[in-house]
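The values are calculated or read from the model by the stated rules, or taken from the named source; none is laboratory data. Computed from a predicted structure; not experimentally measured. Here the Cβ positions follow ideal geometry from the backbone for every residue, glycine too, while neighbour counts run over all protein chains shown. Note: accessible area is taken over every heavy atom of the protein model, side chains too, but ligands, DNA and RNA are not part of it. Shrake-Rupley method; radii C 1.70, N 1.55, O 1.52, S 1.80 Å.
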Amino acid sequence: MYGGLNVYVLYQYDHLEFPGVVPRTFIGKLHIFPGALLVSVLASPIILVMSFLHLPKTHGLIAVRLALGCITLSTLRFFRAQVRYKFGSQVEAFFVILTAFQFHLLFYCTRPLPNILALGIVNLAYGFWLKGDFYAALNCLIFSAVVFRCDMVLLLCPLGLVLLLTKSISLWKALKCCIGMVLLSVGLTVLVDSIMWKKLVWPEFEVLWFNSVLNRSSEWGVFYVSAEKFALRHLGSDQRKLGALLDRRVLPFVIPVFTFVLLYSKLPHKELRFIISSVPIFNLSAAVAASRILGCTAVTFMASYENYPSGYALKYLHQIGEFSFPLPKLNEYCCHTSKDIARGHLASNTEEQWVHIDPYSAMNGISRFCENDFPWRYSKEESIPLKEYQNRNFTYLINEHLLVEGYKCLFSMDGFSRVRPQLSYANSCIATVVLLYGTMVVVYATWNQDVPTCATNNT
């Protein structure tokens, strides 16, 4: 045994022969450290069966990646549960849909890279953040930055600053808690990686020095685009931006993550996997926006449903004229009863009944598809003066005016009038919407029809 590790196992790796640009930690390597024990536990039985069946080793790689993916998704599930608790099941549903239909996050979550090992821990940090366990969130980010990805400092610092400014944490308690986690994480990675690399080394410190101080990462490729454009491009769709605007609870979560992307974008060497840990929060913002847009869609649907009063008026008029159809339900603007209207329906189905439709009514729900066959006849003649109607041979009028000489009112039909926003802080919403209705269309019958006079009011 050497340092608690089997020497034979140590020399199975070729990292000393091919060390790469910078050293990386072995804490995340499978079968070497208990930190990856869960991956080993999940993958080992499958690999054992594959070995017994003499299957190719590539199948083992698939098993290991599936195990890593399950662990990463389980951390994302923890974050999703906190989303449901804080924002509701509707936002949670949109978050799941957005995440499931995206390619890159699910593609990367099975790759054995330091970025993905850090992603799982960052997902836990996000979950603790939403849960209100701020010190646990900071400890997760510290461990992730010290052991797996030093660039998580760019996320840790803005998040800690926001928590301090919002008085969610105290500076003294945060220092005590975080310093302890830093010392533990540094000791852990130095102990394991010094054994594996056969020299005293803190891998992520060397990565930080190489990338940030020496700025040599650009030797492996440069992405020539401004930091602001890169950040906005990876921020994503307008829905993600709207989420922070539509719900004030989202803004404190989006600002630190967006700052992380903006700061990282200053580095000439850019890859999506560097900022993959920002995707869950941006998806949360998009899910909040989608949830609010769905609510607005429901309101507009209700408004549009009530926006065709003339079509409903003609439908009810047909019901009045046919014995086999039920009588319409009267609204509050009519003074007669259903029996009164029954006396006003067509006296005979053998006579032609002419219905005049004025231009306003024709534009608000009436088309040729609404017309019935004999004995109904329809006229859309325009520019008829109000006083001229009584000289025409129209049995019924569907008209926008409240009073037409020579005709009695059968009923009036309400339609959508306007939307009124109403502030409401009880349920943490910016505004609720109230639909207001008013009398839009009035249906008349000639005086020789046996119906009482109808009084209508305009609101």
Any residue in region 107-126 that's more than 12 Å from residue 71 (Cα to Cα): show its pairings with residues that are among the β-branched types (Val, Ile, Thr) and not in a helix (DSSP H, G or I) at Cβ separation under 9 Å, as long as the two are six or more apart or on different chains. 114/25
Looking at the structure I just gave you, is residue 402 in contact with a strand residue (DSSP E or B) (Cβ under 7 Å, 6 or more places away or on another chain), among the aliphatic types (A, V, I, L, M), in a loop (DSSP other than H, G, I, E, B) and modelled with pLDDT under 50? no
Would it be correct to say that residue 435 is touching a helix residue (DSSP H, G or I) at 6+ places or on another chain (Cβ under 8 Å), outside any loop (DSSP other than H, G, I, E, B) and modelled with pLDDT under 65? yes
What's the total number of residues in region 384-411 that are within 23 Å of residue 306 (Cβ to Cβ) and touching a helix residue (DSSP H, G or I) at 6+ places or on another chain (Cβ under 8 Å)? 8
Report whether or not residue 381 is closer than 29 Å to residue 304 by Cβ and without any contact (Cβ under 8 Å) to a residue 40 or more places away in the chain. yes
Go through region 122-138 and give me each residue that's open to solvent by 30 Å² or more (accessible area, probe 1.4 Å) and of a type outside the set (Phe, Trp, Tyr). 124, 131, 132, 133
Quick one: in region 141-169, of everything that is within 16 Å of residue 257 (Cα to Cα) and among the small types (Gly, Ala, Ser), which residue is surrounded by the most Cβ atoms within 10 Å (Cβ to Cβ)? 144
Can you name every residue in region 268-287 that is open to solvent by 40 Å² or more (accessible area, probe 1.4 Å) and of a type in the set (A, V, I, L, M, F, W, C)? 272
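Search region 132-157 for residues being outside any helix (DSSP H, G or I) and of a type in the set (D, E, K, R), and hand back the single one that is modelled with the lowest pLDDT.
So the residue we want is 149.
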Quick one: is residue 324 open to solvent by 60 Å² or more (accessible area, probe 1.4 Å), in a loop (DSSP other than H, G, I, E, B), out of contact with any His (no Cβ under 9 Å at 6 or more places or on another chain) and modelled with pLDDT under 85? yes
Qualifying positions in region 81-121 - open to solvent by 40 Å² or more (accessible area, probe 1.4 Å), hydrophobic (A, V, I, L, M, F, W, C) and not in a loop (DSSP other than H, G, I, E, B): 93, 94, 96, 97, 98, 100, 106, 107, 117
What pairs come out if I take residues in region 345-369 that are over 16 Å from residue 320 (Cβ atoms) and open to solvent by 40 Å² or more (accessible area, probe 1.4 Å) and pair them with residues that are at pLDDT below 85 and of a type in the set (Val, Ile, Thr) whose C-beta lies under 8 Å away, six or more apart or interchain? 360/441
Could you list, in sequence order, all residues of region 288-321 that are open to solvent by 40 Å² or more (accessible area, probe 1.4 Å) and either at pLDDT 85 or above or outside any helix (DSSP H, G or I) (or both)? 306, 307, 308, 312, 315, 316
Residues being at pLDDT 75 or above, touching a helix residue (DSSP H, G or I) at 6+ places or on another chain (Cβ under 7 Å) and within 29 Å of residue 147 (Cα to Cα) - total across region 33-57: 4
Considering only residues that are in a helix (DSSP H, G or I) and over 21 Å from residue 111 (Cα atoms), which ones fall in region 49-65? 49, 51, 52
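Taking region 401-420 as the region of interest, how many residues are more than 11 Å from residue 445 (Cβ to Cβ), surrounded by 17 or more Cβ atoms within 10 Å (Cβ to Cβ) and not aromatic (Phe, Trp, Tyr)? Before the answer, list the steps.
Going residue by residue through region 401-420, those that are more than 11 Å from residue 445 (Cβ to Cβ) are 401-403, 405, 412-420.
Narrowing further to those that are surrounded by 17 or more Cβ atoms within 10 Å (Cβ to Cβ): 412-416.
Cutting the leftovers down to not aromatic (Phe, Trp, Tyr) gives us 412-415.
Final tally of qualifying residues: 4.
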Inspect all residues belonging to region 47-67 and state whether any of them is touching a residue at least 60 places away in the same chain (Cβ under 8 Å) and of a type outside the set (Asp, Glu). no
Enumerate the helices (runs of 4 or more DSSP H) found wholly within region 186-287, keeping only those where 3 or more residues are among the β-branched types (Val, Ile, Thr) and modelled with pLDDT of 85 or more. 251-264
Is it the case that region 62-79 has a residue that's at pLDDT below 90, closer than 21 Å to residue 199 by Cα and basic (Lys, Arg)? no
